[in-house]
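A quick write-up on the structure given underneath.
Just so it is clear, none of the values below were taken in a lab; they were calculated from the coordinates. No experiment lies behind these values; they were computed from the predicted model shown. Cβ atoms come from the backbone with ideal geometry, glycine included; neighbour counts cover every protein chain shown.
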Ligand SMILES: Nc1ncnc2c1ncn2[C@@H]1O[C@H](COP(=O)(O)OP(=O)(O)O)[C@@H](O)[C@H]1O
Ligand SMILES: [Mg+2]
């Protein structure tokens with residue numbers, strides 16, 4: 001990769017931004033936790049996203065918006081190598097987490113997905129009890145020395161996911177016995193239980209009613225204190241409510257990145273403006 005930086009980018013701790021980066025706005029942050037540079041994804045040779053460069057930092061929610069099919073999920077999946085699981089998918093460019101290349105041959109992918117957890121559109125609890133849904137990850141990662149410690153992790157994770165009070169008396173019931181919104185919070189508890197640094201969310205509320213959605217949005221705001229969060233949403237209102245930075249994608253390009261307030265009030269790129277004013281999407 002070229003070491004030259006684009007002229008409009010200040011020097012930062014993260015990776016240099018490729019000179020061919022056409023994204024409008026600052027793609028870097030001062031304390032990058034995760035840095036993507038020049039990322040391309042191909043599905044069976046057909047390119048889905050091109051030359052995406054952006055940083056993600058702690059204590060911040062980054063919203064990714066754009067018309068359906070523009071590559072939001074594809075890019076999100078690069079960040080914890082979920083595209084590895086898709087037949088025919090190929091990723092190029094570089095992504096570093098805490099200075100380490102996550103695509104390095106020596107990277108343990110199971111470990112990576114604990115550090116960069118993911119919450120999906122449709123709540124997908126394991127066909128196990130509420131307790132086991134949360135205990136599973138800590139157990140396979142050896143995070144608890146004994147049952148007391150495991151209980152503690154389950155308790156804390158459910159508490160942080162805002163679910164403890166609702167489930168504490170029925171931890172042995174199946175995860176699937178919960179409502180949709182509770183299931184999604186269970187999936188968030190499961191993600192938190194393995195001490196992630198980054199939480200990726202792909203339209204986490206699109207299967208939920210407005211009240212369950214509001215609870216998840218409040219939760220995202222609380223979780224920001226402890227994690228870096230990247231959320232894909234098709235709802236601009238949601239992006240405006242939960243995020244501090246917004247990235248606008250269009251046909252596989254990262255068009256514009258900026259502070260959420262600025263993106264929604266004063267977009268600099270015509271395509272961003274067209275999208276947020278509802279001219280297409
Ligand atoms: N598993 C896949 N196999 C082939 N093409 C895919 C696959 N997933 C996504 N694509 C294609 O990649 C492009 C981006 O899709 P996606 O990342 O799902 O967009 P978004 O999440 O923004 O709706 C689309 O053209 C889509 O058809
Ligand atoms: Mg998607």
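Some points to look at:
- Just so you know, the averaged projected area of the alpha carbon convex hull for the stretch 60-110 sits at 4.7 nm².
- A full extension of the chain between residue 126 and residue 108 corresponds to an added length of 4.2 nm, given 0.36 nm per residue minus the alpha carbon distance.
- Semi-axis lengths, Å, the chain, gyration tensor of Cα atoms, sqrt of 5 times eigenvalues: 32, 22, 17
- Whole-angstrom gap from the stretch 74-116 to the stretch 163-237, using each part's C-alpha centre: 23
- Annotation: for a label point projected 7 angstrom from Cα along Cα→Cβ of residue 19, no residues of the stretch 230-259 have a backbone N closer than 17 Å.
- Here the Kirkwood formula, the inverse mean of 1/r across different C-alpha pairs, assigns the stretch 160-281 a hydrodynamic radius of 15.9 Å.
- The C-alpha atoms of the chain define a longest principal axis, and helix 210-223 lies at about 80 degrees to it.
- The packing ranking of peptides 205-214, 239-248, 90-99, highest mean first, is 239-248, 90-99, 205-214, where packing means the average number of other beta carbon atoms within 10 angstrom of each residue.
- Degrees separating the helix 180-192 axis from the principal Cα axis of the chain, which is the longest one: 80
- Taking the longest Cα principal axis of the chain as reference, the axis of helix 147-160 is set at about 50 degrees.
- With contacts taken as Cα pairs under 8 Å at a separation of at least 6 residues, the stretch 115-271 carries a relative contact order of 26 percent.
- Cα pair distances exceeding 18 angstrom across the stretch 88-149, given as percent: 55
- For the chain, the relative contact order comes to 25 percent (Cα pairs under 8 Å, sequence separation of at least 6).
- Cβ-Cβ distance of residue 234 and residue 156, R₀ of 22 Å, FRET efficiency by 1/(1 + (r/R0)^6): the value works out to about 0.10.
- Computed on the stretch 24-131, with alpha-carbon pairs under 8 angstrom and 6+ residues apart, the relative contact order is 28 percent.
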